[in-house]
Amino acid sequence: MADPRFFKNLGPFTLGQICEKAGIALPAGADDGRTVADLADLSGAGPQHLAFFSGAKPLHEAFAASSAGACLVPSAASLKGGQRPQAPPGMVVLESASVAQAFATIAAMFYPHHSQPRWRQTGAISPEARIGQDVQIAPSVVIGPLAEIGDRTSLGPGVVVGPGVAIGRDCEIGALVTISHSYIGDRVVILPGAHIGQPGFGFTTNGVDYLKVPQLGRVIVQDDVEIGSSTTIDRGALGDTVIGEGSKLDNLVMIAHNCQIGRHCVIAGQTGLAGSVVLEDGVVLAGQVGLGDHSRVGARARMGARSGTGSAIFLDGGVDYGGAPAKPVREWAREIHALARLARPPKRGSND
(Lines give C-alpha, C1' and ligand atoms only; values in the text may rest on other atoms or scores of the structure.)
Protein backbone atom coordinates (compact mmCIF):
# COMPACT_ATOMS: atom_id res chain seq x y z
CA MET A 1 0.00 0.00 0.00
CA ALA A 2 1.28 3.46 -0.83
CA ASP A 3 2.12 5.66 2.15
CA PRO A 4 -0.28 8.66 2.22
CA ARG A 5 2.59 10.72 3.60
CA PHE A 6 4.17 10.54 0.15
CA PHE A 7 1.41 9.65 -2.32
CA LYS A 8 -2.15 10.91 -2.80
CA ASN A 9 -4.70 8.18 -3.55
CA LEU A 10 -7.50 9.25 -5.92
CA GLY A 11 -9.51 6.04 -5.32
CA PRO A 12 -11.62 4.14 -4.63
CA PHE A 13 -12.62 2.83 -8.02
CA THR A 14 -15.01 0.05 -8.98
CA LEU A 15 -13.89 -3.16 -10.63
CA GLY A 16 -15.85 -2.10 -13.70
CA GLN A 17 -13.92 1.18 -13.94
CA ILE A 18 -10.61 -0.59 -13.41
CA CYS A 19 -11.24 -3.23 -16.07
CA GLU A 20 -12.45 -0.66 -18.57
CA LYS A 21 -9.35 1.51 -18.05
CA ALA A 22 -6.96 -1.43 -18.32
CA GLY A 23 -8.78 -2.99 -21.28
CA ILE A 24 -9.35 -6.34 -19.57
CA ALA A 25 -12.48 -8.43 -19.20
CA LEU A 26 -14.36 -8.67 -15.92
CA PRO A 27 -14.78 -12.34 -14.98
CA ALA A 28 -18.25 -13.82 -15.31
CA GLY A 29 -20.23 -13.41 -12.12
CA ALA A 30 -17.97 -10.73 -10.66
CA ASP A 31 -19.65 -7.60 -9.29
CA ASP A 32 -18.58 -4.68 -11.48
CA GLY A 33 -19.67 -2.27 -8.73
CA ARG A 34 -17.35 -3.76 -6.12
CA THR A 35 -14.94 -1.07 -4.95
CA VAL A 36 -11.17 -1.26 -4.71
CA ALA A 37 -9.69 1.18 -2.20
CA ASP A 38 -6.00 0.79 -2.96
CA LEU A 39 -3.19 -1.28 -4.44
CA ALA A 40 -0.96 -3.60 -2.42
CA ASP A 41 1.57 -6.39 -2.86
CA LEU A 42 0.47 -9.98 -2.48
CA SER A 43 1.58 -10.38 1.12
CA GLY A 44 0.20 -7.07 2.35
CA ALA A 45 -3.12 -7.00 0.48
CA GLY A 46 -6.53 -7.29 2.11
CA PRO A 47 -10.06 -7.73 0.74
CA GLN A 48 -10.25 -4.04 -0.26
CA HIS A 49 -7.03 -4.17 -2.30
CA LEU A 50 -5.94 -5.02 -5.83
CA ALA A 51 -2.65 -6.93 -6.13
CA PHE A 52 -0.78 -8.34 -9.09
CA PHE A 53 0.90 -11.69 -9.76
CA SER A 54 3.42 -11.94 -12.58
CA GLY A 55 3.40 -15.73 -12.64
CA ALA A 56 7.02 -15.97 -11.44
CA LYS A 57 7.73 -19.15 -9.45
CA PRO A 58 9.15 -17.35 -6.37
CA LEU A 59 5.74 -15.68 -5.94
CA HIS A 60 3.53 -18.80 -6.19
CA GLU A 61 3.26 -19.28 -2.43
CA ALA A 62 2.56 -15.58 -1.84
CA PHE A 63 -0.21 -15.66 -4.45
CA ALA A 64 -1.84 -18.79 -3.03
CA ALA A 65 -1.81 -17.30 0.48
CA SER A 66 -2.82 -13.74 -0.45
CA SER A 67 -5.91 -12.07 1.04
CA ALA A 68 -6.27 -9.62 -1.87
CA GLY A 69 -9.84 -8.99 -2.96
CA ALA A 70 -8.75 -8.83 -6.60
CA CYS A 71 -5.56 -9.72 -8.41
CA LEU A 72 -4.13 -9.21 -11.87
CA VAL A 73 -2.78 -12.48 -13.24
CA PRO A 74 -1.30 -13.60 -16.56
CA SER A 75 -3.82 -15.08 -18.98
CA ALA A 76 -3.48 -18.75 -19.84
CA ALA A 77 -2.29 -17.85 -23.34
CA SER A 78 0.51 -15.66 -21.98
CA LEU A 79 1.92 -18.20 -19.49
CA LYS A 80 5.24 -19.62 -20.65
CA GLY A 81 5.18 -23.17 -19.37
CA GLY A 82 3.69 -24.40 -16.13
CA GLN A 83 0.34 -23.54 -14.61
CA ARG A 84 -0.87 -20.74 -12.41
CA PRO A 85 -1.48 -21.82 -8.81
CA GLN A 86 -5.06 -21.96 -7.54
CA ALA A 87 -6.38 -18.56 -6.47
CA PRO A 88 -7.48 -18.24 -2.82
CA PRO A 89 -11.23 -18.29 -2.09
CA GLY A 90 -12.92 -14.92 -2.54
CA MET A 91 -10.24 -13.46 -4.82
CA VAL A 92 -11.48 -11.94 -8.11
CA VAL A 93 -8.96 -12.99 -10.75
CA LEU A 94 -8.41 -10.43 -13.53
CA GLU A 95 -6.59 -12.01 -16.46
CA SER A 96 -4.35 -9.92 -18.68
CA ALA A 97 -1.99 -10.70 -21.54
CA SER A 98 0.43 -8.25 -19.91
CA VAL A 99 0.11 -7.99 -16.15
CA ALA A 100 2.80 -5.30 -15.97
CA GLN A 101 1.03 -3.05 -18.50
CA ALA A 102 -2.34 -3.49 -16.83
CA PHE A 103 -0.89 -2.75 -13.39
CA ALA A 104 0.93 0.33 -14.66
CA THR A 105 -2.31 1.68 -16.14
CA ILE A 106 -4.32 0.97 -12.98
CA ALA A 107 -1.64 2.35 -10.64
CA ALA A 108 -1.66 5.60 -12.60
CA MET A 109 -5.44 5.83 -12.00
CA PHE A 110 -4.95 5.71 -8.24
CA TYR A 111 -1.71 7.71 -8.13
CA PRO A 112 -1.29 10.01 -11.14
CA HIS A 113 1.42 12.04 -9.35
CA HIS A 114 3.74 9.17 -8.54
CA SER A 115 7.13 10.12 -9.92
CA GLN A 116 8.79 13.09 -8.18
CA PRO A 117 7.75 15.12 -5.12
CA ARG A 118 5.75 18.24 -5.97
CA TRP A 119 7.42 21.29 -4.49
CA ARG A 120 4.98 24.11 -3.77
CA GLN A 121 6.93 26.00 -1.12
CA THR A 122 8.63 29.31 -1.82
CA GLY A 123 11.33 29.17 0.87
CA ALA A 124 14.16 26.67 1.22
CA ILE A 125 12.79 25.23 4.48
CA SER A 126 9.05 24.63 4.67
CA PRO A 127 7.32 26.11 7.70
CA GLU A 128 5.49 22.78 7.95
CA ALA A 129 8.75 20.87 8.51
CA ARG A 130 9.59 19.73 12.04
CA ILE A 131 13.19 20.44 13.04
CA GLY A 132 14.58 18.94 16.26
CA GLN A 133 16.97 20.50 18.74
CA ASP A 134 20.61 21.29 17.89
CA VAL A 135 20.14 20.41 14.21
CA GLN A 136 22.94 21.78 11.99
CA ILE A 137 21.72 23.04 8.63
CA ALA A 138 24.35 24.11 6.09
CA PRO A 139 23.75 26.64 3.28
CA SER A 140 21.49 25.71 0.35
CA VAL A 141 19.65 22.94 2.22
CA VAL A 142 16.04 22.38 1.09
CA ILE A 143 13.51 20.71 3.42
CA GLY A 144 10.00 19.91 2.23
CA PRO A 145 6.66 20.15 4.04
CA LEU A 146 5.93 17.62 6.79
CA ALA A 147 9.56 16.45 6.76
CA GLU A 148 11.04 15.64 10.17
CA ILE A 149 14.66 16.07 11.25
CA GLY A 150 15.72 14.49 14.56
CA ASP A 151 17.77 16.08 17.33
CA ARG A 152 21.50 16.71 16.71
CA THR A 153 21.37 15.66 13.07
CA SER A 154 23.57 17.59 10.62
CA LEU A 155 22.68 18.36 7.01
CA GLY A 156 25.54 19.28 4.64
CA PRO A 157 25.45 21.91 1.87
CA GLY A 158 22.90 21.31 -0.86
CA VAL A 159 21.04 18.50 0.89
CA VAL A 160 17.45 18.04 -0.34
CA VAL A 161 14.97 16.40 2.05
CA GLY A 162 11.70 15.69 0.27
CA PRO A 163 8.17 16.19 1.58
CA GLY A 164 7.23 13.79 4.36
CA VAL A 165 10.72 12.33 4.78
CA ALA A 166 11.65 11.48 8.38
CA ILE A 167 15.31 11.48 9.52
CA GLY A 168 16.22 10.27 13.01
CA ARG A 169 18.55 11.58 15.71
CA ASP A 170 22.35 12.00 15.51
CA CYS A 171 22.53 11.44 11.76
CA GLU A 172 25.21 12.86 9.45
CA ILE A 173 23.93 13.73 5.97
CA GLY A 174 26.72 14.77 3.58
CA ALA A 175 26.70 17.44 0.89
CA LEU A 176 24.39 17.11 -2.13
CA VAL A 177 22.51 14.12 -0.75
CA THR A 178 18.88 13.81 -1.90
CA ILE A 179 16.30 11.89 0.12
CA SER A 180 12.67 11.34 -0.85
CA HIS A 181 9.92 8.84 0.08
CA SER A 182 12.05 7.53 2.94
CA TYR A 183 12.33 6.95 6.68
CA ILE A 184 15.87 7.17 8.03
CA GLY A 185 16.72 5.77 11.48
CA ASP A 186 19.04 7.08 14.21
CA ARG A 187 22.83 7.48 13.88
CA VAL A 188 22.76 6.97 10.13
CA VAL A 189 25.69 8.31 8.09
CA ILE A 190 25.06 9.20 4.44
CA LEU A 191 28.14 10.37 2.55
CA PRO A 192 28.08 13.09 -0.14
CA GLY A 193 26.20 12.57 -3.38
CA ALA A 194 24.04 9.62 -2.33
CA HIS A 195 20.46 9.51 -3.64
CA ILE A 196 17.81 7.68 -1.65
CA GLY A 197 14.15 7.06 -2.44
CA GLN A 198 14.12 7.75 -6.16
CA PRO A 199 11.70 5.73 -8.34
CA GLY A 200 12.93 2.28 -9.28
CA PHE A 201 13.76 1.28 -12.85
CA GLY A 202 10.35 -0.19 -13.60
CA PHE A 203 9.14 -0.29 -17.21
CA THR A 204 6.96 -2.53 -19.32
CA THR A 205 6.80 -2.69 -23.09
CA ASN A 206 4.11 -3.29 -25.67
CA GLY A 207 6.76 -4.14 -28.26
CA VAL A 208 6.93 -0.59 -29.57
CA ASP A 209 7.23 1.75 -26.60
CA TYR A 210 7.95 1.61 -22.86
CA LEU A 211 5.44 2.43 -20.14
CA LYS A 212 6.59 3.53 -16.69
CA VAL A 213 5.36 1.32 -13.86
CA PRO A 214 4.55 3.62 -10.91
CA GLN A 215 6.88 3.09 -7.95
CA LEU A 216 4.66 3.51 -4.89
CA GLY A 217 6.82 2.13 -2.07
CA ARG A 218 9.36 3.64 0.31
CA VAL A 219 12.94 3.25 1.49
CA ILE A 220 13.43 2.25 5.13
CA VAL A 221 16.96 2.74 6.49
CA GLN A 222 17.32 1.33 9.98
CA ASP A 223 19.62 2.52 12.80
CA ASP A 224 23.44 2.71 12.55
CA VAL A 225 23.64 2.26 8.78
CA GLU A 226 26.37 3.93 6.70
CA ILE A 227 25.75 4.71 3.03
CA GLY A 228 28.68 5.61 0.78
CA SER A 229 29.18 8.45 -1.69
CA SER A 230 27.19 8.34 -4.93
CA THR A 231 25.28 5.25 -3.80
CA THR A 232 21.67 4.98 -5.00
CA ILE A 233 18.82 3.22 -3.19
CA ASP A 234 15.52 3.09 -5.09
CA ARG A 235 12.18 2.95 -3.35
CA GLY A 236 9.94 -0.10 -3.68
CA ALA A 237 7.35 -0.60 -6.38
CA LEU A 238 4.61 -1.44 -3.86
CA GLY A 239 6.44 -2.69 -0.79
CA ASP A 240 9.54 -1.14 0.76
CA THR A 241 13.25 -1.25 0.06
CA VAL A 242 14.85 -1.96 3.45
CA ILE A 243 18.44 -1.49 4.64
CA GLY A 244 18.87 -3.41 7.90
CA GLU A 245 20.34 -2.20 11.15
CA GLY A 246 24.11 -1.74 11.24
CA SER A 247 24.70 -2.48 7.54
CA LYS A 248 27.51 -0.67 5.73
CA LEU A 249 27.35 0.28 2.04
CA ASP A 250 30.43 1.48 0.17
CA ASN A 251 30.60 4.11 -2.57
CA LEU A 252 28.85 3.60 -5.92
CA VAL A 253 26.54 0.82 -4.74
CA MET A 254 23.19 0.44 -6.52
CA ILE A 255 20.21 -1.01 -4.65
CA ALA A 256 17.13 -1.50 -6.83
CA HIS A 257 13.47 -1.42 -5.83
CA ASN A 258 12.11 -3.82 -3.21
CA CYS A 259 15.50 -5.13 -2.11
CA GLN A 260 15.70 -6.38 1.48
CA ILE A 261 19.13 -5.99 3.08
CA GLY A 262 19.49 -7.74 6.43
CA ARG A 263 21.23 -6.56 9.57
CA HIS A 264 25.00 -6.02 9.66
CA CYS A 265 25.59 -6.68 5.98
CA VAL A 266 28.65 -5.23 4.22
CA ILE A 267 28.48 -4.26 0.54
CA ALA A 268 31.65 -3.06 -1.24
CA GLY A 269 31.90 -0.53 -4.05
CA GLN A 270 30.33 -0.85 -7.51
CA THR A 271 28.06 -3.67 -6.41
CA GLY A 272 24.61 -3.80 -8.01
CA LEU A 273 21.46 -5.50 -6.72
CA ALA A 274 18.54 -5.94 -9.10
CA GLY A 275 14.93 -5.69 -7.96
CA SER A 276 13.61 -7.79 -5.05
CA VAL A 277 16.99 -9.22 -4.05
CA VAL A 278 17.16 -10.44 -0.43
CA LEU A 279 20.35 -10.48 1.64
CA GLU A 280 19.93 -12.22 4.96
CA ASP A 281 21.80 -11.03 8.07
CA GLY A 282 25.58 -10.75 7.98
CA VAL A 283 26.09 -11.16 4.23
CA VAL A 284 29.34 -9.73 2.81
CA LEU A 285 29.55 -8.71 -0.87
CA ALA A 286 32.95 -7.74 -2.31
CA GLY A 287 33.43 -5.17 -5.07
CA GLN A 288 31.47 -5.35 -8.33
CA VAL A 289 29.21 -8.20 -7.26
CA GLY A 290 26.02 -8.40 -9.33
CA LEU A 291 22.83 -10.13 -8.19
CA GLY A 292 19.88 -10.82 -10.52
CA ASP A 293 16.30 -10.01 -9.59
CA HIS A 294 14.53 -12.11 -6.94
CA SER A 295 17.81 -13.74 -5.88
CA ARG A 296 18.43 -14.54 -2.21
CA VAL A 297 21.72 -14.87 -0.33
CA GLY A 298 21.65 -16.77 2.95
CA ALA A 299 22.89 -15.44 6.29
CA ARG A 300 26.65 -14.91 6.69
CA ALA A 301 27.45 -15.92 3.11
CA ARG A 302 30.32 -14.09 1.45
CA MET A 303 30.71 -13.37 -2.27
CA GLY A 304 34.06 -12.61 -3.87
CA ALA A 305 34.79 -9.65 -6.15
CA ARG A 306 32.97 -9.66 -9.51
CA SER A 307 30.93 -12.74 -8.66
CA GLY A 308 27.21 -12.80 -9.38
CA THR A 309 23.98 -14.63 -10.05
CA GLY A 310 21.21 -14.77 -12.61
CA SER A 311 17.57 -14.23 -11.70
CA ALA A 312 15.81 -16.03 -8.83
CA ILE A 313 18.90 -17.85 -7.55
CA PHE A 314 19.20 -18.96 -3.91
CA LEU A 315 22.65 -19.16 -2.33
CA ASP A 316 22.99 -21.04 0.96
CA GLY A 317 24.16 -19.16 4.01
CA GLY A 318 27.54 -19.54 5.68
CA VAL A 319 29.34 -20.29 2.39
CA ASP A 320 32.03 -18.37 0.47
CA TYR A 321 31.23 -17.92 -3.22
CA GLY A 322 33.19 -16.88 -6.30
CA GLY A 323 32.67 -16.52 -10.02
CA ALA A 324 29.68 -15.82 -12.23
CA PRO A 325 27.45 -17.73 -11.99
CA ALA A 326 28.48 -17.87 -8.34
CA LYS A 327 29.64 -21.22 -6.94
CA PRO A 328 31.22 -22.28 -3.65
CA VAL A 329 34.70 -20.78 -3.82
CA ARG A 330 36.62 -24.10 -3.76
CA GLU A 331 34.56 -25.46 -6.66
CA TRP A 332 35.02 -22.23 -8.59
CA ALA A 333 38.80 -22.26 -7.97
CA ARG A 334 39.11 -25.88 -9.19
CA GLU A 335 37.32 -24.95 -12.43
CA ILE A 336 39.61 -21.96 -12.98
CA HIS A 337 42.71 -24.13 -12.47
CA ALA A 338 41.35 -26.81 -14.80
CA LEU A 339 40.73 -24.26 -17.54
CA ALA A 340 44.21 -22.82 -17.04
CA ARG A 341 45.74 -26.29 -17.51
CA LEU A 342 43.72 -26.86 -20.69
CA ALA A 343 44.81 -23.51 -22.11
CA ARG A 344 48.50 -24.01 -21.24
CA PRO A 345 50.66 -24.43 -24.41
CA PRO A 346 52.17 -27.91 -24.80
CA LYS A 347 55.81 -28.43 -23.83
CA ARG A 348 58.38 -28.82 -26.61
CA GLY A 349 58.77 -32.36 -27.72
CA SER A 350 55.32 -33.28 -26.54
CA ASN A 351 53.10 -35.31 -28.86
CA ASP A 352 50.08 -33.27 -27.77
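Below is a table of values for the structure above.
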| quantity | calculated |
| --- | --- |
| Fully extended contour minus Cα-Cα distance, from V208 to Q136, at 0.36 nm per residue | 20.9 nm |
| Magnitude of the charge dipole, the stretch 36-187, Cβ model with Lys/Arg +1 and Asp/Glu -1, debye to 20 | 360 |
| FRET efficiency estimate (nearest 0.05) - Cβ-Cβ, A64 to R341, R0 41 angstrom | 0.25 |
| Dipole magnitude of the chain, debye to nearest 20 (Cβ charges: Lys/Arg +1, Asp/Glu -1, about Cα centre) | 1080 |
| With every protein chain in place, the stretch 194-352: carbon and sulfur % of accessible area (1.4 Å) | 53 |
| Cross-link partners of K8 among lysines (Cα-Cα below 24 Å; sequence separation of 8 or more within a chain) | K21, K212 |
| The stretch 86-173: trypsin sites (Lys or Arg not before Pro) in DSSP loop, at most 14 other beta carbons within 10 Å | R118, R120 |
| Within the stretch 231-352: Cβ-based charge dipole about Cα centre, in debye rounded to nearest 20 (Lys, Arg +1; Asp, Glu -1) | 700 |
| Rough spin-label spacing in nm, given labels placed 7 Å along Cα→Cβ, for K57 and L146 | 4.2 |
| Share of alpha-carbon pairs per 10 Å distance bin for the stretch 293-352, given as whole % | 22, 40, 18, 13, 7, 1 |
| Rounded percent of accessible protein surface that carbon and sulfur make up, the stretch 1-113, 1.4 Å probe | 53 |
| H181 accessible area, assembled protein chains, probe 1.4 Å, Å² | 10 |
| Extension reserve of the L10-D32 stretch, reckoned as 0.36 nm per residue once the Cα distance is removed | 6.1 nm |
| Whole-Å distance, taken between Cα centres, linking the stretch 1-80 and the stretch 88-112 | 5 |
| For the stretch 114-158 versus the stretch 263-315, the gap between their alpha-carbon centres in whole angstrom | 33 |
| Kirkwood Rh and Cα Rg combined as Rg over Rh, evaluated for the stretch 1-157 | 1.14 |
| Average accessible surface area per residue within the chain, 1.4 Å rolling probe, Å² | 49 |
| Hull shadow area, averaged, the stretch 121-174 [alpha-carbon convex hull, nm²] | 3.0 |
| Inter-label distance for V93 and R334, nm, one decimal - labels placed 7 Å from Cα along Cα-to-Cβ | 4.5 |
| Rg ratio (alpha-carbon, reference 2.2 N^0.38 Å) - the stretch 244-329 | 0.90 |
| Mean Cβ neighbour count within 10 Å, used as a protection proxy, ranking 103-116, 186-199, 131-144 highest first | 186-199, 103-116, 131-144 |
| Globularity index of the stretch 201-351, i.e. its alpha-carbon radius of gyration over 2.2 N^0.38 Å | 1.25 |
| Dipole of the chain [Lys/Arg +1, Asp/Glu -1 at C-beta], most positive-end residue of L211, A333, P85 | A333 |
| Kyte-Doolittle at least -0.5, axis length at least 18 Å by Cα - qualifying DSSP helices, the chain | 329-343 |
| For the chain, diffusion coefficient by Stokes-Einstein and Kirkwood Rh (Cα), 37 °C, 0.692 mPa s, µm²/s | 149 |
| Helix-only [θ]222 nm of the chain, DSSP H runs n ≥ 4, -39500 (n - 2.57) each, per residue, nearest 500 | -3500 deg cm²/dmol |
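The values are calculated or read from the model by the stated rules, or taken from the named source; none is laboratory data. What you see is a predicted model; the values in this text were computed from it and never measured. Virtual Cβ from ideal backbone geometry, glycine too; neighbours counted across all protein chains shown. Heads up: the accessible areas ignore ligands, DNA and RNA and are worked out on the full protein's heavy atoms, side chains in. Shrake-Rupley method; radii C 1.70, N 1.55, O 1.52, S 1.80 Å.
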